[in-house]
Amino acid sequence: MEGLQERLKGVVWDLAHGTGVTGERSRALADATADDLPGLCQVASDMRDRGRGRTVTFSPKVFIPLTRMCRDFCGYCTFRQSPDEADRLYMTPDEVLAVARAGQRLGCTEALFTLGERPEQRYPEAKAWLGQHGFGSTLEYLAHCCQLVLEETTLLPHPNPGTMSRHEMARLKDVSASMGIMLESTSESLCAPGGAHEFAPSKRPRARLKTLETAGELGVPFTTGVLVGIGDRREERIDALLAIADLHQRYGHIQEVIIQNFRAKPDTAMAEHEDAETEEMLWSVAMARLILGPDVNLQVPPNLSQRDYPIYLQAGINDWGGVSPLTIDYVNPEAPWPQIGDLQRRTEEMGFVLKPRFPIYPEFFLDKSDAVSSPVAQRLRGLADEDGYVKGGTQRYASAHE
Ligand code: SF4
């Protein structure tokens, strides 16, 4: 087999000829070793510089866990709660608005709605709560809460509710800036007995890809990503990234791709599973940049790699994702967000400029008349600077967070 340098030359040839890195070329990098990583990361980092320059972004947000009930059971999840474990079945509209208003006072611009998948399909308690409040489904109630946040605060909703039908997504599009679903993996083996997704029908790759495709058809600026370390092989991760690249090529709607590391949590089926290692993450980030190209926004969550997160700038990322001065990461409650001042210092030490962004990236709303509904467009016009970032820059947060 050719050495890594030869295989990288093939990648560079693909890129120079504007073809994107082919599946064959990317698969040939699956066996890159630790010694190969610096070369691989350098090519990916150069590619990021060409497409995104030296600006790195984050989204100042509040995290709103509208409900923690879920019809699924993933092997690593500590977010889901059954009705008898939950303090409350759903957050009320007043609770949602209280969090959003507190975030607004701290300069946040994103209301991230993360919630369990269609709990009313498993729990009569969920169905009854929704019925008592005049809603037929969790997604209907979610749309109502997004609308409230949009009307009553300056925050922009970004819902992340799992799989969505065309009708459900179209309704949410009117009241949100962007949406997301983690693809996580396209490996069918994770759905087999003993796999992380054995008891999670919504994590079937076909169901996730269908939601991503629907988003493309509706022109929704969409966030997705892969979860590294839950049991897939490198070749399968490449397949997942190629599937995302293919969707983006067809519809142009993938606004960012998250490369997230698995962290084992006590009291879960995967408690004894190894955490994703830094080397595996570096390889995955670099491969994502090579496969998705110079222009895509690529993110690693800094709170999941507190000790060494700046290292991923050397592998081609250009975004830190949502960072909250107010609410915890309910999915990873053991991992606090970095202070924004600290994030800025560590980003600048690596030679980059840190800027706050909205849940929707600038290129998805600047000079585009139909990307978002008119209330969202109006809100963005009031809050954005001429480049589409949050007016006031990181200075806006200096006093609120330090
Ligand atoms: S990871 Fe999401 S889909 Fe899976 S059990 Fe947890 S809340 Fe449900």
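Of the listed requirements (1) modelled with pLDDT of 95 or more; (2) surrounded by 15 or more Cβ atoms within 10 Å (Cβ to Cβ); (3) among the hydrophobic types (A, V, I, L, M, F, W, C); (4) farther than 28 Å from LEU172 by Cα, ILE360 misses just one: (4). Residues in the range 334-346 that are surrounded by 14 or more Cβ atoms within 10 Å (Cβ to Cβ), over 15 Å from GLN395 (Cβ atoms) and in contact (Cβ under 8 Å) with a residue 60 or more places away in the chain: ALA335 alone. One residue alone among GLY351, GLY322, GLY341 is among the small types (Gly, Ala, Ser), farther than 26 Å from PHE262 by Cβ and outside any loop (DSSP other than H, G, I, E, B), and that residue is GLY341. Scanning the range 163-190 for residues being assigned to a loop (DSSP other than H, G, I, E, B) and in contact with a helix residue (DSSP H, G or I) (Cβ under 6 Å, 6 or more places away or on another chain) gives a total of 10. Hey, among the residues in the range 159-210 that are closer than 20 Å to MET69 by Cβ and hydroxyl-bearing (Ser, Thr, Tyr), which one's nearest to the ligand (Cβ to nearest atom)? Across the range 159-210, the extreme among qualifying residues is SER202. The set of residues in the range 22-79 that are of a type in the set (Ser, Thr, Tyr) and away from the ligand (no atom under 16 Å from the Cβ) comprises THR22, SER26, THR33, SER45, THR55, THR57, SER59.
Does MET270 fit the bill of being touching a residue at least 40 places away in the same chain (Cβ under 8 Å) and crowded, with 21+ Cβ neighbours inside 10 Å? No.
Checking each residue in the range 368-390 for being assigned to a helix (DSSP H, G or I) and more than 21 Å from ILE254 (Cβ to Cβ) picks out SER374, PRO375, GLN378, ARG379, ARG381, GLY382, LEU383. In the range 255-270, the count of residues that are over 21 Å from ASP329 (Cβ atoms) and more than 16 Å from the ligand (Cβ to nearest atom) is zero.
The values are calculated or read from the model by the stated rules, or taken from the named source; none is laboratory data. The structure displayed is predicted, hence computed values, not measured ones. Ideal geometry is used to build each Cβ from the backbone, glycine not excepted, and the neighbour counts take in all protein chains shown.
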